[in-house]
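Notes for the one structure printed next.
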Amino acid sequence: MSEDDPKSDRREATPRPTDPQRRYLERGLSQPGGKLPLFDADGREVAPRTVQACVANGWAEPWIKNPLKPDWLVCRLTAKGYAVLGRTAPLPDTREAE
């Protein structure tokens, strides 16, 4: 393929989240530290494949282990996750504890 081949542009395209992935990621925008939910707005567990796909694409990262449910993956938004939602990641708090 040459540089002028339109197919080469598609291969370079940045993946975009599906609707369920976007809904999952957007819920982290209003949470401290970008924490992502374990449950959707209706109280159902977020599909593990949704969480895993967001981690695989670099939009989310594992954050803490849940001692009550070690099989649940508690994640937070990454800078790439904020970017895919059209936002800028907040700067980390660098103030020293008083």
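Just so you know, all these numbers are worked out from the coordinates, no wet-lab data involved. Not measured: the values here are computed from a predicted model. When we count neighbours, we look across all protein chains shown, and the Cβ atoms used for this are built from the backbone with ideal geometry, even at glycine.
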- Item | In Hz, Karplus ³J(HN,Hα) per residue of the stretch 63-73 (6.51, -1.76, 1.60; θ = phi - 60°; x = Gly, Pro) | 10, 10, 8, 8, x, 7, 9, x, 7, 7, 9
- With a cut-off of 13 Å, note down the residues of the stretch 74-91 whose backbone N falls inside the zone around a label point 7 Å from the Cα of L38 toward its beta carbon. 74-75
- What ³J(HN,Hα) values, in whole Hz, does the Karplus curve 6.51 cos²θ - 1.76 cosθ + 1.60 give for the stretch 29-46 when θ = phi - 60°, with x put for Gly and Pro? 5, 9, 9, x, x, x, 4, 9, x, 8, 10, 7, 5, 9, x, 8, 4, 5
- Message: Are there any trypsin sites (Lys or Arg not before Pro) in the stretch 5-91 that are in a DSSP loop and have at most 11 other Cβ atoms within 10 Å? List them by number.
- Response: R44
- Note on the structure: Under the Karplus relation with 6.51, -1.76 and 1.60 and θ = phi - 60°, whole-Hz ³J(HN,Hα) for the stretch 19-26, x at Gly and Pro, equal 4, x, 5, 5, 4, 4, 5, 4
- For R76, enumerate residues with amide H under 5 Å from its amide H, sequence gap 5+ or separate chain, H modeled in the peptide plane. L36, E61, W63
